[in-house]
Amino acid sequence: MSRIREAFAHGKAFIPFVTAGYPDLETTGKILLAAQEAGADLIELGIPFSDPTAEGPVIQTANVKALEGGVTTDRIFEFVEQIRGQIHVPLVFMTYANVIYSYGKDGSDGFCRRCRDVGIDGLIIADVPFEEKEEFDLPCKKYGLDFISMIAPTSEDRIQKIASQADGFIYVVSSMGVTGVRSEITTDIGAITERIREVTDVPCAVGFGISTPEQAARMASCSDGAIVGSAIIRLISRWGKDAAPEVGKYIRSMKEAVEAAGS
Amino acid sequence: MAQSKGRFGAFGGQYIPETLMNAVEELDQAYLRWKDDPGFNEELSVLFNEYANRPSRLYYARKMTEDLGGAKIYLKREDLNFTGAHKVNNVLGQALLAKKMGKTRLIAETGAGQHGVATATAAALFGMECVVFMGKVDVERQALNVYKMRLLGAKVVPVTSGTATLKDAVSEAMREWTNRVSDTHYCLGSVMGPHPFPTIVRDFQAVISRETKQQILKREGRLPDAVLACVGGGSNAIGSFYHFIDDKDVRLIGCEAAGRGIDTFETAATVNTGRLGIFHGMKSLFCQNEYGQIAPVYSISAGLDYPGIGPEHAWLHSIGRAEYVPVTDEEAVQAFEYMSRMEGIIPAIESAHAVAHALKIAPQMSPDQIMVITISGRGDKDCAAVARYRGEEIEG
């Protein structure tokens, strides 16, 4: 069993997303430690991209600011290498295809090799659907990383083919549109996870639009966990370098809600 | 493992979020259903001919030919199309397709505003709602086109993210499509993005070379020696090249916007300065930094101000079938002025990039050779910017 699968083995999981280098890598380090301390089961670390087409305004801004601050893929690798010894939960990178494809002289292969060396467990690539996954999935498999597949409210007949080849966990996109806080999530997540369950026991975590403990509990009740990004980035925007304790408090409340949904 | 679709050699594909996959699949199916349908093609022909003023003229530029003293120069006058550019060819095709699909709303990105105006026009004609995304920088430099779109009933959304130009308008249109796919068709304006867009847009623009070929054969009894067109995403160029691709003796030359020069950072010459990457749904060539971050690009021409190129062009380049040459702002402006004075035709600043390269190579060709330059659009919209470039302020 991969480390990622294990993260779901002890009840419902809570997965925070943080953009690496926003507002700076030192603060990102403190946030990761606070997130782990507060009960995060797995952490998604975003490598910023200049043109993040799947993100709403909050995460777009974090991407732009992080890049303006001088963060690069190599600096993020060095950062993970330094902090990995203190982080005991699985870490996955979330980014865009070109960041991986255009990395160094070996592209995806070199990127995945470096991931393995610094202790990354998996990749979420926002703009790589099932049909294009092979050139990323092969180097992932070669270096022992899980390629995380996404399933959307519009996936319908695609659900089972995607799920049957999924590794690590399945990222279920709660709503149409880009990332960002939503007041209401209307998709029938239960119906999607049921169809997934017919073909695989790979855990399913729901993300996009979740910000309150109530939403997280509701999403977790019909899946194996909840993912939260924009709400955390908003806290980081508000608190800047002092964000770690605030993010920790928030994650604790979310983790409790998710755990309660599983009992 | 599912097969990647829409490849031109190693280029193309469908690199988009899962949320959009069903929408592009639906579009692909609809296009396959309608593209060879006689009724659909008849309807499109009527729109092309009666509404958009096709076929466009192939005009022999006698004065220019004599002045340059080399190849015989013909101009493919896409600037005479209704709405003033080649963009209308693609838009009428996509709007008709969207109607067949039962969509009631068109969204589009635009750079110079030509594609936005064309989309707003088609939306008015078909009674559809229309929203156009346009970089804030372009909204400011193309105020007249913004007004036209509003006049036609479209909503224009200024995009402030990133460099606030064409690439950001594409990103924002993609985001909007992700948000609302059921009633909305994304009327993409160039031969780029995920499959099936590069193929659909190419097929609708291929009318340019289909006509050119018939016209030149009728006029000269033979094929041209060279076809020149400007390239941003590359829709007028692929349209101009397409029916000549198998005619190996016809040189196909795409003219890229070099901005202040390909040895500067202020350029948009993708083939000459970019490298292989994945962005906006496709694998192709892009201007990017060593970490794959998309580079801010620059050109005096808002329509060529894009960091990528369509995948079919990347493929034609890779197999050596087409050449892609850089043309600077200064060269384009000189060509803009030259053509205005020499032939009384004010070309779009985009098209002036192709004219500029013709000024370089026509004198080296012999008088029994023939060159066709596609004038993709008219230059009224660019007068204020060119005047400003020459240090003169006029009302835009």
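The values are calculated or read from the model by the stated rules, or taken from the named source; none is laboratory data. Owing to the predicted nature of the structure, the values given are computational and were not obtained by experimental measurement. Cβ placement follows ideal geometry from the backbone for every residue including glycine, while neighbour counts extend to all protein chains displayed.
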From the list A:25, A:45, exactly one residue is away from every other protein chain (no Cβ under 12 Å), buried (at least 18 other Cβ atoms within 10 Å of the Cβ), at pLDDT 95 or above and more than 16 Å from the chain's Cα centre (by Cα). Which is it? A:25
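Looking only at the range A:108-158, filter to residues that are assigned to a strand (DSSP E or B) and of a type in the set (A, V, I, L, M); which one of those is nearest to residue A:74 (Cα to Cα)? Outline the logic, then answer.
Keep residues of the range A:108-158 that are assigned to a strand (DSSP E or B), which gives A:122-125, A:146-147, A:149-151.
When the remaining residues are screened for being of a type in the set (A, V, I, L, M), the result is A:123-125, A:150-151.
On the way: A:123: 16, A:124: 18, A:125: 18, A:150: 26, A:151: 30 Å.
Here the residue is A:123.
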Looking at the range A:68-79, which of its residues are surrounded by fewer than 20 Cβ atoms within 10 Å (Cβ to Cβ) and at the interface with chain B (Cβ under 8 Å from one of its Cβ atoms)? A:72, A:74
Quick one: which of A:118, A:128, A:202 is among the β-branched types (Val, Ile, Thr), touching a residue at least 12 places away in the same chain (Cβ under 8 Å) and closer than 25 Å to residue B:23 by Cα? A:128
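Do we have residue A:188 as under 18 Å from residue A:95 (Cα atoms) and either away from every other protein chain (no Cβ under 13 Å) or crowded, with 20+ Cβ neighbours inside 10 Å (or both) here?
Details: under 18 Å from residue A:95 (Cα atoms): no; either away from every other protein chain (no Cβ under 13 Å) or crowded, with 20+ Cβ neighbours inside 10 Å (or both): yes.
Against the criterion (under 18 Å from residue A:95 (Cα atoms) and either away from every other protein chain (no Cβ under 13 Å) or crowded, with 20+ Cβ neighbours inside 10 Å (or both)), residue A:188 does not qualify.
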Under 6 Å by Cβ, and 6 or more places apart or on different chains, what pairs join a residue from the range B:228-241 that is closer than 9 Å to residue B:208 by Cβ with one that is among the hydroxyl-bearing types (Ser, Thr, Tyr) and at pLDDT below 95? none
For the subset of the range B:1-43 comprising residues that are in a helix (DSSP H, G or I) and among the hydroxyl-bearing types (Ser, Thr, Tyr), which member is nearest to the other protein chains (Cβ to nearest Cβ)? B:19
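Would you call residue A:227 part of a loop (DSSP other than H, G, I, E, B) and surrounded by 24 or more Cβ atoms within 10 Å (Cβ to Cβ)? Let's see the steps before the verdict.
Values: part of a loop (DSSP other than H, G, I, E, B): no; surrounded by 24 or more Cβ atoms within 10 Å (Cβ to Cβ): yes.
In short, no.
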Tally time: how many residues in the range A:48-62 are crowded, with 24+ Cβ neighbours inside 10 Å and either at positive phi or more than 10 Å from chain B (Cβ to nearest Cβ) (or both)? 2
Turns out the strands (runs of 3 or more DSSP E) fully within the range B:137-234 with at least 1 residues that are closer than 30 Å to residue B:10 by Cβ and within 14 Å of chain A (Cβ to nearest Cβ) are B:184-186
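Considering B:350, B:343, which residue is surrounded by 16 or more Cβ atoms within 10 Å (Cβ to Cβ) and in contact with a Lys or Arg (Cβ under 8 Å, 6 or more places away or on another chain)?
Numbers: B:350 fails: in contact with a Lys or Arg (Cβ under 8 Å, 6 or more places away or on another chain).
Only one candidate passes the filter, namely B:343.
Taking the condition within 14 Å of chain B (Cβ to nearest Cβ), outside any helix (DSSP H, G or I) and over 20 Å from residue A:15 (Cα atoms), does residue A:179 pass?
For residue A:179, the condition - within 14 Å of chain B (Cβ to nearest Cβ), outside any helix (DSSP H, G or I) and over 20 Å from residue A:15 (Cα atoms) - is not met.
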Determine which single condition residue B:256 fails, assuming it passes every other condition in (1) part of a strand (DSSP E or B); (2) within 11 Å of chain A (Cβ to nearest Cβ); (3) charged (D, E, K, R). (2)
Within the range B:129-140, is there a residue that is assigned by TED's automatic domain parsing to the domain that holds residue B:24, farther than 24 Å from residue B:234 by Cβ and at pLDDT below 95? yes
Within the range B:201-219, identify whether any single residue is closer than 23 Å to residue B:385 by Cα and within 12 Å of the chain's Cα centre (by Cα), and answer yes or no. no
